[in-house]
Amino acid sequence: MSKTWQIYVLALLSFLVGTSEFIIAGILDKISDTLHISLVAAGQLITVFSLVYALGTPVIMAFTSGWNRRKLLLFGLSLFVIANALAFVMPGFGLFISARVLMALGAGVVVVTSLSIAAVIAPQGKQASAIATVITGFTAALIVGVPLGRMLAAAYDWKVVFGGIAALGLLAIVVISLTIPAFKGEASIPLRKQLALLKNPKLTLALAVSFFWLGGYSIAYTYISPYLLTITGMGEKTLSTALFAFGIASLVGSKLGGFSTDRWGVQRTLRSGMLLHMITLILLTLAAHSPSVVFLLLLLWSFSAWSSGPTQQYNLVALAPESSGIMLSLNSSVMQLAMAGGAGVGGVVVSQVSLTSVTWIGAIGVGIALAITILSSRQSTAADDKKAEALQHA
């Protein structure tokens, strides 16, 4: 198999893992009804997954740094398959939580290892494109995985989704064994060295932008299905269509965000994207009971939210080009923590305020990210001016 097709196989793994993570938001009401739990309790399935992914993955990767990459990928994939199979067969909320913990650990190993393998097997000068292809699998999970999972859950049972993922995972194990060559492990980067970067205020503020941007998004997205069904009054078929359109808009937003960053720069792209993101969430609150208006706002919300993704990744690499790998790793953990925090805050809002409130509370989170972006930009400009002035007087 050619290296290009090997990278596509890794992208399909990313799609499978992304679907297992994002699908909960698409079937939250189904889980709530079947397990006889509240929407808030069901929403914490996202919190648990993201926390375990963010905190557990670096630990596992450190302990397995000496393993060859194919062996590690197969280990993570096997753990992921077992977890999905357990989610399919085991009854009860508590056991499902346990399956989600194993699922998150396996998913983290699969994603990180897939990215490292993609960088190794890619032709010289095309490593970034190979990594981007693998990451696209996650976006595809929003476009195809979540709405498809919703349709399966509506037609059969939501547990069928996890059974299907487990079956596809078994097939993936066979394909990986036959197509991906073995690569030596790499020396792990000590956690102390990774955390040392947080002493730099610029980098800390940049990571804070990721946290509040995605946290604000997650507050609203976690409860998107019950919101559209209960508040907006969408039917089952319309909801599946809305989720599919939402995913398409995320892909368009991501692509145009990258283009805008190259054309108009990081700051203008981040500011405009986050401002539109925040405004759209506020408008969703005001137009919550109009299905046609909400449908259009969903597209605008997804487009604006994901336009910040590639821009923020580029921004972090540009701030610390000599430590780009560490910064992207830290950002990945921060983004998972943001998903966990957003789902947790969303649960508090739903239980203590109302389901309708998740959109404008989410807008506050995005607004904080926008404020940090503006503040850090002004501080950077002021520091550059001082340096220029000092050189003039030297």
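The values are calculated or read from the model by the stated rules, or taken from the named source; none is laboratory data. Here the structure is a predicted model, which is why all the values come from computation and not from measurement. All Cβ positions, glycine included, derive from the backbone under ideal geometry; neighbour counts span all protein chains shown. Quick note on the areas: whole protein, heavy atoms, side chains included, nothing else; ligands and nucleic acids left out. Shrake-Rupley method; radii C 1.70, N 1.55, O 1.52, S 1.80 Å.
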Scan the stretch 118-126 and tell me whether some residue there is within 28 Å of His36 (Cβ to Cβ), open to solvent by 30 Å² or more (accessible area, probe 1.4 Å) and of a type outside the set (Lys, Arg). no
Please work out if Ile143 is surrounded by 19 or more Cβ atoms within 10 Å (Cβ to Cβ) and at pLDDT 90 or above. no
Just to be sure before I move on: is Ser292 within 18 Å of the chain's Cα centre (by Cα) and either at pLDDT 85 or above or among the hydrophobic types (A, V, I, L, M, F, W, C) (or both) in the structure I sent? no
Could you run through the stretch 1-30 and say how many residues are outside any loop (DSSP other than H, G, I, E, B) and over 15 Å from Lys159 (Cβ atoms)? 19
Might you check whether a residue that is in contact with a His (Cβ under 7 Å, 6 or more places away or on another chain) and part of a helix (DSSP H, G or I) occurs anywhere in the stretch 203-219? no
Output the qualifying pairs, or none if there are none: Cβ atoms under 6 angstrom, residues six or more apart or on different chains, first residue in the stretch 153-165 and in contact (Cβ under 8 Å) with a residue 12 or more places away in the chain, second residue basic (Lys, Arg). Ala153/Lys30; Trp158/Lys30
Only listed residue being surrounded by 22 or more Cβ atoms within 10 Å (Cβ to Cβ) and either at pLDDT below 90 or in contact with a Lys or Arg (Cβ under 9 Å, 6 or more places away or on another chain) (or both), chosen from Ser308, Ser302, Ser324: Ser308
Residue that is farthest from Phe15 (Cα to Cα) [pool: residues in the stretch 248-281 that are in contact with a Pro (Cβ under 7 Å, 6 or more places away or on another chain) and buried (at least 20 other Cβ atoms within 10 Å of the Cβ)]: Thr261
Test: Ile231 is open to solvent by 20 Å² or more (accessible area, probe 1.4 Å), among the aliphatic types (A, V, I, L, M) and assigned to a helix (DSSP H, G or I): yes
Every residue from the stretch 56-77 that is part of a helix (DSSP H, G or I), touching a residue at least 60 places away in the same chain (Cβ under 8 Å) and not charged (D, E, K, R): Thr57, Pro58, Met61, Ala62, Leu72, Leu73, Leu74, Leu77
Could you pull out the residue among Val366, Val349, Val353 that is over 19 Å from Ser307 (Cβ atoms) and open to solvent by less than 20 Å² (accessible area, probe 1.4 Å)? Val349
Being modelled with pLDDT of 90 or more and within 26 Å of Gly347 (Cβ to Cβ) narrows it down to one residue among Leu239, Leu207, Leu243; which is it? Leu207
Only one of these conditions is not met by Met274: (1) in contact with a Gly (Cβ under 7 Å, 6 or more places away or on another chain); (2) of a type in the set (A, V, I, L, M); (3) closer than 26 Å to Val317 by Cα. Which number is it? (1)
Within the stretch 32-50, residues within 21 Å of Leu142 (Cβ to Cβ) and surrounded by fewer than 21 Cβ atoms within 10 Å (Cβ to Cβ) come out as Val48
Just one of (1) touching a residue at least 12 places away in the same chain (Cβ under 8 Å); (2) of a type outside the set (D, E, K, R); (3) surrounded by fewer than 20 Cβ atoms within 10 Å (Cβ to Cβ) trips up Ser292, so point out which. (1)
Checked against (1) over 19 Å from Ala54 (Cα atoms); (2) surrounded by 18 or more Cβ atoms within 10 Å (Cβ to Cβ); (3) among the small types (Gly, Ala, Ser), Gly94 satisfies every condition except (2)
Flag for Leu79 being more than 30 Å from Gln124 (Cα to Cα), crowded, with 17+ Cβ neighbours inside 10 Å, at pLDDT 90 or above and more than 23 Å from the chain's Cα centre (by Cα): no
